[in-house]
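Student: Dropping a structure here in C-alpha cells format, bear with me for questions.
The values are calculated or read from the model by the stated rules, or taken from the named source; none is laboratory data. Since we're looking at a predicted model, the values are computed, not measured. Cβ coordinates were reconstructed from backbone atoms using ideal geometry, including for glycine residues, and neighbour counts include every protein chain displayed. For the accessible areas, the whole protein counts, side chains as well, though only heavy atoms, and no ligand, DNA or RNA atoms are used. Shrake-Rupley method; radii C 1.70, N 1.55, O 1.52, S 1.80 Å.
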Amino acid sequence: MLSRDEYLAEWSRWHGGTDPAASRLVHGWLSLAYALARALSWLPPLAATALGLLVALAAVGPAVAGGAWLIAGGLLVGLSGLLDSLDGALALAGGRASRRGYVLDSAVDRLTEAAYALALWAAGAPGWLAAVFGALCWLPDYLRARAGQAGVAETGSISVWERPTRVAMTGFTVGGAGIVAATGLDAAAGVEGGPALVVTAGAAVGALLGLVGTAQLGVSLRRALGD
C-alpha cells in the first residue's frame with residue numbers, strides 16, 4: 001500500500017488538486033480512513049461502498065423508533081461515513097482507483113446523504129428543514145460537477161460543509177437527541193419534546209453551515225470560471 005503521505009497526495013490528485021491539509025477535519029478524517037484501510041487492505045473497495053450505503057439506510061430504523069434508539073442511529077450514521085471514506089482509501093492507497101469507482105462512490109454519497117435527511121426527519125426535524133439539509137448536502141458536489149463539465153480542473157477550496165462535517169452534524173444531532181431522551185434531560189429542564197428540539201436545532205445549524213459552505217465554494221468556483 002501507499003504511505004499515508006502518498007495516499008493524501010493521490011487523494012488530492014483525484015480531487016482537482018485540493019490540499020487536504022487546508023482543513024484539520026478533512027485531513028484527520030482522511031488519516032483515519034487510511035489507518036482503517038491498512039488494517040482492512042483485503043476488503044474490496046466496492047464492498048465498503050455497498051456496506052456504507054446499507055448502514056446509512058439502517059440508521060433510519062432507530063430514528064423512526066425514537067427515544068434512546070436515536071443513539072444507535074447516530075452511531076450508524078458515523079459508521080456509514082467511515083465506511084464511505086474507507087472505500088476511497090482502499091482504492092487509492094491500494095492502487096485500485098478507477099474513474100468508474102470514483103463516479104459510483106459519488107453517486108452512493110448522494111444516496112447516503114438522502115438517508116441522513118430522512119433520518120433527521122424521522123427523528124423529529126420538520127420535513128421542510130430535513131429537505132433543505134439534504135439539498136445542501138447535494139448542492140456543493142453538483143456545483144463542482146457542473147464546473148468540471150465547464151472545464152474547471154480544480155474542485156474549489158475546502159469549505160465548512162465538506163463530507164466529514166455533514167456526517168458529523170447528522171450523527172451528533174441524532175445521537176445527541178437519543179442521549180437527551182435516555183437521560184430525561186428535557187424533563188428535568190421542564191421542556192417537552194426535547195429530542196425533537198435537539199434534532200431540529202441540529203438540522204438548522206447544519207443547513208446554515210451548508211449555506212455558508214456553498215457560498216464559499218461559489219466564490220471559489222466563480223474565480224476559476226473567470227466569467
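Student: Hey, what do the phi angles of the range 38-51 turn into as Karplus ³J(HN,Hα) couplings, whole Hz, using 6.51/-1.76/1.60 and θ = phi - 60°, x for Gly and Pro?
Tutor: Going residue by residue, I get 5, 6, 10, 4, 6, 7, x, x, 5, 5, 5, 4, 5, 5 Hz, with x marking Gly and Pro.
Student: Provide Arg4, Arg38, Arg99 ordered by accessible surface of protein heavy atoms (probe 1.4 Å), highest first.
Tutor: Arg99, Arg38, Arg4
Student: Per residue of the chain, what 222 nm ellipticity follows from adding -39500 (n - 2.57) for every DSSP H run with n ≥ 4, rounded to the nearest 500? Walk me through the numbers on the way to the answer.
Tutor: Details: 10 runs with 177 residues, N = 227.
Helices in the chain give a 222 nm mean residue ellipticity of -26500 deg cm²/dmol.
Student: Keeping all protein chains in place, calculate the accessible area per residue for the chain (probe 1.4 angstrom), answer in Å². Display every interim value, and only then the final one.
Tutor: On the way: 11020 Å² over 227 residues.
Per residue, the chain has an accessible area of 49 Å².
Student: Quick one: net charge around Ser3, please, counting Lys, Arg +1 and Asp, Glu -1 for every other residue with C-beta under 14 Å from its C-beta.
Tutor: After counting each charged neighbour, the total is -1.
Student: Here is a follow-up. Measure off, as a whole percent, the carbon and sulfur share of the 1.4 Å-probe accessible area of the range 36-155, all protein chains present.
Tutor: The C+S portion of the solvent-accessible surface of the range 36-155 is 72 percent.
Student: Right, another one. Hey, for a label at Ala47 modelled as a point 7 Å past Cα toward Cβ, could you say which residues of the range 60-88 have their backbone N under 17 Å away?
Tutor: Residues passing the 17 Å test: 83-88.
Student: Same structure again: Label the range 93-175 by shape, choosing from rounded, prolate and oblate, from the square roots a ≥ b ≥ c of the eigenvalues of the Cα gyration tensor; if a/c is under 1.5 it is rounded, and otherwise prolate applies when a/b is larger than b/c, oblate when it is not.
Tutor: Details: a/c = 2.21, a/b = 1.69, b/c = 1.31.
Cα axes put the range 93-175 in the prolate bin.
Student: Mind listing the phi-derived Karplus ³J(HN,Hα) values for the range 204-216, rounded to whole Hz, using 6.51, -1.76 and 1.60 with θ = phi - 60°, and x for any glycine or proline?
Tutor: Per-residue couplings from phi come out as 5, 5, x, 5, 5, 4, x, 5, 5, x, 5, 5, 4 Hz.
Student: Defining a contact as two alpha carbons under 8 Å apart and six or more residues distant in sequence, what relative contact order in percent does the range 70-171 show?
Tutor: Numbers: 46 pairs, mean separation 40.9, N = 102.
Relative contact order of the range 70-171: 40 percent.
Student: While we're on this one: Would you work out the charge dipole size for the chain about its Cα centre, treating the Cβ of every Lys and Arg as +1 and the Cβ of every Asp and Glu as -1, and quote it to the nearest 20 debye?
Tutor: Numbers: 14 positive and 15 negative charges, 76 e Å.
Dipole size: approximately 360 debye.
Student: While we're on this one: For the chain, evaluate the Debye formula with one uniform point scatterer on each Cα (no solvent term) and list log10 I(q)/I(0) at q = 0.09, 0.14, 0.15 Å⁻¹, rounded to two decimals.
Tutor: The Debye formula, applied to the Cα set alone, gives -0.38, -0.87, -0.98.
Student: Efficiency by 1/(1 + (r/R0)^6): what FRET value for Ala65 and Arg24, r their Cβ-Cβ distance, R0 = 30 Å, to the nearest 0.05? The partial results should precede the final answer.
Tutor: Working: r = 35 Å, r/R0 = 1.16.
Here the calculated transfer efficiency is 0.30.
Student: Let me ask something additional. Just to verify a number: FRET efficiency for Val103 and Ala39, C-beta to C-beta distance, R0 = 25 Å, to 0.05?
Tutor: On the way: r = 27 Å, r/R0 = 1.07.
Approximately 0.40, to the nearest 0.05.
Student: Which net charge results when you count Lys and Arg as +1 and Asp and Glu as -1 among the other residues whose beta-carbon is under 11 Å from that of Leu51? Display every interim value, and only then the final one.
Tutor: On the way: positive: none; negative: Asp84, Asp87.
Computed value for this residue: -2.
Student: Excluding ligands and nucleic acids, what accessible area in Å² is computed for Thr183 using a 1.4 Å probe, to the nearest 10?
Tutor: Roll a 1.4 Å probe over it and Thr183 shows about 90 Å².
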